[in-house]
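What follows is calculated from the coordinates using simple rules that are stated; it is not laboratory data. Please read these numbers as outputs of a predicted model, since none were measured by experiment. Cβ: placed from backbone, ideal geometry, glycine included. Neighbour counts: every protein chain shown.
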């Protein structure tokens, strides 16, 4: 009788081991398929495929990190295949070389383009849910620059400044969804308004930046003014993978540092917690370099 029970126990143990092996194998196979497809198709289809390659490479890294095989050095870390897009929004004027022209008619068209670009950036880097850096690779933060946006000379002359972008994000739904841009980029379906807005000076350039932070570093950053990435951003903060708490910010951290939601974030963060931010910030390479330990996008 005891021998039969022992045999059954051994079979159960073997079954559990087999299940684990199967699950890990599926994770590895899925991640490797993504990596191989990205590696083979990107040279063939170039920039067109590159838009999907970014999202796929982020997902592959996060999946492999979650499996634990990167930490065990069974696989090397795949590259993130995300490129910065250079766009010039034009109402018929002149754009500098090196920028792709995007035709717009008015201020509302500009807001719509920026809102769509922010939505795309948030989607490509994992929507505040995917840790694609891991504990060993992320000491403070890492940033991906999705877009660098500037405006043609006619926009600067005729439109000059763009008010109400933050309000636009909160009032308008994304195409084919019931979510506003604000609800999506803050990972919070209950957000419907913004506390602070600001005018965009169209004579300046702007970057759309997605960043991932350690909890401790983000808490310290809030206390010291926020840095270039969140200090003057229009965007969102999503603390923790899958945490449904989004905070929209605009203006300086000094203006919203006392915000109760931000203080709540500081209280909930631990060393291993992740914070994800998405922001439209004024283009300033020197300040961005100071604020980002790693730039993970390619120019």
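Of the Cα atoms belonging to the stretch 76-155, the radius of gyration and Dmax stand at 16.1, 49 Å. For the peptides 206-215, 97-106, the ranking by mean Cβ contacts within 10 Å, running from highest to lowest, is 206-215, 97-106. Ellipsoid fit via the Cα gyration tensor, the stretch 128-210: semi-axes of 28, 21, 11 Å, each the root of five times an eigenvalue, largest first.
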